[in-house]
């Protein structure tokens, strides 16, 4: 499997060339084309787009937390995992400002 587009991803309004209609798109900083396009008339589009844009942050934070947690339960001297990054990624997925 190949790697995903590097973060950050963000949700923005985009008017495609030759169109008068706005679209909601998920963009990555290193891409010229959208990662995904959402129908702005769908009442859940903005919430879905916000969740999709947070996906790389959620993945990275969950992966790091799991690694820390597994170290913690296997080593009596390990520090308790810090949930800060995971909480920040969840807040981003819910639409909080970074």
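Read-outs throughout are calculated quantities, based only on the coordinates presented, and are distinct from any laboratory measurement. Since this is a predicted model, take the numbers as computed values, not measurements. FYI the Cβ positions are ideal-geometry reconstructions off the backbone, even for glycines, and counts take in every protein chain you see.
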Would you mind classifying region 54-98 by shape? Square roots of the alpha carbon gyration tensor eigenvalues, ordered a ≥ b ≥ c; an a/c under 1.5 is rounded, otherwise it is prolate if a/b is larger than b/c and oblate if not. prolate
Sorted from fewest to most neighbouring beta carbons within 10 Å, what does the list 65, 59 look like? 59, 65
